[in-house]
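Asks: The structure that follows is given in the form of structure tokens.
A short reminder: the numbers here are calculations on the coordinates, not readings from a lab. Since this is a predicted model, take the numbers as computed values, not measurements. Neighbour counts run over all protein chains shown; Cβ positions are idealised from the backbone, glycine included.
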Amino acid sequence: MTYLKNSLIGYVPAPPFDSIGFVRIYGLTMALAIGVAVLIAHKRYAKRNSNSTLVIDVFLPVVISGIIGARIYHLFTGYNWSRDGIVGTIKLRNGGLSIWGAVIGGALMVAFICHRKKVSFLRLGDSIAVALLFAQAIGRFGNYFNQELFGKPSNSFWALKVDPIYRPVGFENVSTFHPTFLYEALWCIILAGIIIFLERRVANWPKGASLATYIGGYCLGRSIFEYLRIDTATKVFGIRFNLMLSIVLCLAGFLWLMKLLISNKDIEKYSELSIPEAE
């Protein structure tokens, strides 16, 4: 009852628990996110391509590569070595998986598998793009239950209350912060809807355009969320490395999208069922 009452006072309350028995909710959200991503990607790819089981066939190595990439990236850009030490590098119960590393690791494995199976990387990437956005939206709620990766102090009615033990150094007396997990989750859902709308409404929507929209659109939102965040992060010239990466990839994604749209006369329509081809 207290939890429900707090949510009506003027802020998003801290989670009442972070585990169910010995199982961390963070882990459950990651598992749910992976499951949703596989189902959506499989449905989207099977609808447009002859190799209808490709996503099911490749999801395990892609997921493993994504998790490894997510952890390695976090260790180099956001891991607190002085606090957690070498032993903590293999502990995943409390989080520490970077979406950037997951995308890079997963993309490399997808590219390798597509090359081996002689199928289009862009076709598979387009199918995965929307699936990733829904998965990322779900995964961000794992950050909520871990009380991590929140933003700067905020007094807005949607601000997130953080328990004292999770407040960063210098913010011990601040109780409410920007719920960047919620901002990103909402943005991912909105962007997924935009991509689906464009696929259905834009004539001759080119191969690779959904993937390019994902890269540009997600990084546009992520650059704003990175600016708000106050967690430990690697900085270059005083700027968060992930913020710089977001801006660069945002520009690259939209420039790629523009190139595809301009030259879409030479690219197959999505409405055509085609034989997989090598990139």
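Asks: How long is the gain from L32 to M244 if the chain were fully straight, where each residue apart is worth 0.36 nm and the alpha carbon distance is subtracted? The partial results should precede the final answer.
Replies: Numbers: separation 212, 0.36 × 212 = 76.32 nm, distance 2.99 nm.
My answer for the length gained is 73.3 nm.
Asks: For the residues W256, W187, what sequence is obtained by ranking on other C-beta atoms within 10 Å, fewest first? Please report the intermediate quantities before stating the final value.
Replies: On the way: W256 17, W187 21.
Lowest count first: W256, W187.
Asks: What ranking do E148, E226 get, fewest neighbouring Cβ atoms within 10 angstrom at the top? Don't skip to the answer; put the middle values down first.
Replies: Numbers: E148 16, E226 22.
Taking fewest neighbouring Cβ atoms as first place, the list is E148, E226.
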